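All remarks here apply to the structure that follows.
A short reminder: the numbers here are calculations on the coordinates, not readings from a lab. These numbers come from a predicted model, not from an experiment. Methodologically, a virtual Cβ is constructed for each residue, glycine included, from the backbone with ideal geometry; neighbour enumeration extends over all protein chains shown.
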Amino acid sequence: MLTNPFNKLGGKLMKKITLISILILIFPISLISCSNKEQDSYSYIEIVEKSKDSKLQNIDGIEDILINGETIVGIENAQTKYPNYKIIETPTIFIFRDNGGDLKKLVLKTNNVKEATDFLEKRLRDN
C-alpha cells in the first residue's frame, strides 16, 4: 500500500503553525501585562513645629503617588494622635507604602526633611 509522504509532513507543519500562532498571540499579551505595572502609592505623616515648616506637600507632582498626607503641628498633638509612634522632636516624618485597603508599610522614618523629600522625589521619577 502506498502512503502519502505529505501526510506526516503536513501534520508536523500544522503543529508548528499552531505553536507559532499561539506564541504570536501570547507575546503581545505578556508585554502589555508587564507594562501595566501598578504604580506604588504612599502616605506620610509630617510632624512640624509650625505649619509653615511643612515641606512635603510642596513637592511637584506629589499627588501622582500620594494617597494621604497629614501634617501635625506640635509634638504634643502628634503624641496624642499617634501614641504608639516614638515622636521626640520636630520635624519627624513617617512615610508609608500603601498596599491597598488598610495595609500600610512604614518605609521611612526620619527627622531629615531632605531625606524624606529625596525619597518621595525618587519614587515620582520611578513611576
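Scanning the range 105-119 for residues that are of a type in the set (Lys, Arg) and under 18 Å from ASN68 (Cα atoms) yields LYS105, LYS109.
From the list LYS86, LYS55, the one residue that fits, being touching a residue at least 40 places away in the same chain (Cβ under 8 Å) and either under 14 Å from ASN111 (Cα atoms) or surrounded by 12 or more Cβ atoms within 10 Å (Cβ to Cβ) (or both), is LYS55.
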